[in-house]
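The next block holds one structure in the form of structure tokens; read it before the comments.
The values are calculated or read from the model by the stated rules, or taken from the named source; none is laboratory data. Remember, it's a predicted structure, so these values are computed and weren't measured experimentally. Note that each Cβ is placed from the backbone with ideal geometry, even for glycine, and that neighbours are counted across all protein chains shown. Quick note on the areas: whole protein, heavy atoms, side chains included, nothing else; ligands and nucleic acids left out. Shrake-Rupley method; radii C 1.70, N 1.55, O 1.52, S 1.80 Å.
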Amino acid sequence: MIRHLLLLTLAATCHVASATEPAPADAWLFTSFRGNGDGLHLAYSDDARTWVEVPGRLVTPTVGSGLMRDPHITRGPDGRFHMVWTSGWGDKGIGYASSPDLVTWSEQRYLPVMEDVADARTCWAPEVYYDEALGQFLIVWSSDVPSASPTPDPRGGYHRAYYVTTRDFQTFSPRQMLFDPGFNNIDATVIKSGGKCYVVFKETDDQPKQVWGRVCAAVADQITGPYRLLDEPLVENKRVEGPAVASLGDKTILYADFYVDGRYLALETDDWNEWNDISAECSVVSGQRHGSLLQVSREELERIAPDAGRPAPAAALPDVHADPHVAVFGDRVYLYPTTDGTEGWRSTSFHAWSSADLRDWRDEGVILDLPRDLTWADLHAWAPAIATRNGKYYFYYSADKNIGVAVADTPAGPFTDPLGKPLVAARDYHGMQCIDPMVFVDDDGAPYLYWGQGRCKAVRLNDDMISFDPAAVRDITPPGYNEGPFVHRRADTYYLSWSENDTRDPRYSVAYGVSDSPLGPFKKAASNPILKQRGVVRGAGHHSIAKLPGGDQWVIAYHRFRIPDGDGYHRETCLSPLRHDADGVILPVDVYEPVEATQLSTPE
């Protein structure tokens with residue numbers, strides 16, 4: 001049970017750290033969670049508009065019901081950070097932890113702020129602020145307490161915002177209701193703007209009008225009120241929740257979570273009357289949920305995001321291309337990508353690119369056009385692969401979610417369809433997509449084909465390279481596999497690498513496993529992933545690997561979200577060095593390290 005102090009009369013002027021006018025800072029942080037409440041995630045921005053994800057989960061919840069939703073962080077007068085969060089859907093308390101640097105966090109504690117209220121049903125979206133005039137923290141949260149209603153059995157419960165004050169997060173003032181606007185509300189957040197205190201909150205979706213709950217605001221001279229409800233809502237008829245508000249000079253920006261659509265609304269005002277929709281000017285991390293905004297110094301930011309502000313190297317190819325297959329033929333390196341840039345990946349043809357030095361690339365033109373060159377597919381030209389054997393070049397590709405093969409006399413084509421039908425037909429393989437082919441020719445000349453999204457299939461090709469025994473197909477799907485298989489051999493070890501997560505997810509990444517056979521089984525390596533997002537580089541995956549002539553020099557080709565403003569439909573092709581250690585372990589790829597210009601020469 002929380003110990004209580006005598007409630008102090010809060011007659012001071014509203015002055016609340018992190019909710020009001022903080023000292024000038026170099027960067028903004030946006031807290032959030034994922035899914036049902038997996039923990040603390042952060043994104044950073046220089047302008048509170050364009051956000052870059054800090055990879056990974058910084059804090060994992062351990063108290064209450066084991067969730068961490070709606071995390072809110074404030075800075076105390078000694079510089080220490082304090083965080084509160086929703087610890088469970090039906091908890092009568094909240095989670096709390098503190099940190100000196102946003103990296104190392106204290107042991108988590110459960111604060112039972114409503115434990116003594118018999119019919120309290122919830123304790124949601126807590127926020128914490130430091131009031132400099134009083135030398136105290138205020139913790140604000142929303143609870144459903146039917147007995148607090150003036151009428152029995154209130155429809156939809158009785159959701160209101162409550163608060164306590166504390167100096168040390170050990171003893172707390174008696175609980176009080178912060179504000180009663182006359183209707184159910186949740187997700188209250190407080191900000192100082194123009195010398196006034198504003199509380200912004202979400203009306204619940206169970207109101208008499210039977211429309212999505214509004215986002216409303218009320219104004220007061222001090223943080224504990226009394227508050228006056230503004231005449232007009234800030235947002236209405238939009239399915240949003242979790243408002244997050246920040247002051248930027250004479251402007252105030254409001255974010256709200258379209259919690260079903262996986263996107264954010266962004267509004268801006270300079271007077272709290274007229275709000276402009278600036279959503280098109282803002283880029284919020286995909287998948288993030290209800291959080292809050294916090295200003296930090298550049299030094300503080302670099303502790304959690306060392307690459308913040310670091311520019312990424314230029315892409316290898318101009319414009320947008322994805323799923324690159326890299327191959328060395330003679331004294332040139334070739335790239336065979338998917339042409340990107342359309343919603344739903346509606347490309348219809350393939351280009352080849354070549355280079356003599358890995359830096360200057362020449363467009364070899366269209367090498368296969370689905371509507372022109374095929375009779376069985378005309379759309380979704382995706383994720384090709386190529387190999388040479390018997391003096392010919394064999395080009396494997398996805399088309400209309402089947403896999404085809406084409407043949408040419410040169411690596412730049414033109415390629416022709418020898419079968420007049422798919423090599424791998426989607427109808428023959430269920431519970432997966434027949435896309436993302438990869439071809440590997442072993443040192444003894446034996447060819448193998450790999451493919452699949454959702455499952456990974458493998459089979460030895462016949463010597464003609466355009467047929468195989470369907471009965472010999474194996475399922476070699478490793479843990480975490482999603483798509484984009486690739487096989488390479490180094491010494492006596494076979495490496496299967498693949499992409500994890502969805503290509504539209506910034507967390508798209510590459511992992512690998514090893515085997516002593518090209519058909520597996522492949523054991524997933526302990527050191528994974530080998531390629532992932534970092535800093536401004538997001539969605540790094542769907543790769544291929546090639547050994548350069550002479551020595552033990554390898555390169556990895558992959559795509560990332562276009563920089564800037566890219567996403568899972570606007571990706572660009574990159575090249576980085578790939579290295580193995582003395583034991584054959586693949587080392588993590590540095591997405592900030594481009595390949596050096598290397599004049600290729602064919603070994604004598």
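Assorted remarks:
- Each part reduced to its alpha carbon centroid, the stretch 198-270 and the stretch 391-444 end up 53 Å apart.
- Number of Lys-Lys pairs in the stretch 27-304 with C-alpha atoms under 17 Å apart and a separation of 8 or more places or on different chains: 4.
- In Å, descending, principal axis extents of the Cα set of the stretch 27-304: 53, 42, 38
- Stretching ASN237 away from THR151 to a fully extended chain increases their span by 28.2 nm, per 0.36 nm per residue minus the current alpha-carbon distance.
- The shape of the stretch 321-587 comes out rounded: with a ≥ b ≥ c from the C-alpha gyration tensor, a/c is under 1.5.
- Within the stretch 504-545: backbone nitrogen closer than 13 Å to the ARG474 label point (7 Å, Cα to C-beta): 514-523
- Relative contact order computed over the stretch 321-587 (Cα-Cα under 8 Å; 6+ residues apart), in percent: 14 percent
- Distance from the stretch 276-314 to the stretch 469-511 (C-alpha centre basis), Å: 31 Å
- Amide hydrogen proximity for ASP26: with H placed 1.01 Å from N in the peptide plane, the residues at 5 or more positions away or on another chain lying under 5 Å are VAL296, SER297, ARG298.
- FRET efficiency estimate (nearest 0.05) - Cβ-Cβ, LEU248 to GLN599, R0 45 angstrom: 0.35
- Measuring nothing but how far apart in sequence close Cα pairs (under 8 Å, 6+ apart) lie, relative to its length, the stretch 27-304 scores a relative contact order of 16 percent.
- Hypothetical label at SER349: residues of the stretch 390-425 whose amide nitrogen lies under 15 Å (7 Å Cα-Cβ projection): 413-416
- Only lysines eight or more places from LYS524 in sequence, or on another chain, were considered; those with a Cα closer than 20 Å are LYS457, LYS532.
- Under 5 Å between amide hydrogens, built in the peptide plane, is the criterion, and for ALA525 it picks out TYR512, GLY513, VAL514 among residues at least 5 positions away or on other chains.
- Protein-only accessible surface order, largest first, of THR348, THR171, THR74 at 1.4 Å: THR348, THR171, THR74
- Rounded to two decimals, the Cα-based Rg/Rh of the chain, with Kirkwood Rh, is 1.07.
- Positive dipole terminus of the chain, leading residue within TYR96, GLY454, ASN273 (C-beta point charges): TYR96
- Whole-Hz Karplus values for the stretch 169-176 come out as 6, 10, 10, 9, 6, x, 6, 9 Hz, taken residue by residue from phi with 6.51 cos²θ - 1.76 cosθ + 1.60 and θ = phi - 60°; glycine and proline positions read x.
- Relative contact order, whole percent, for the chain stands at 10, derived from Cα pairs under 8 Å and 6 or more residues apart.
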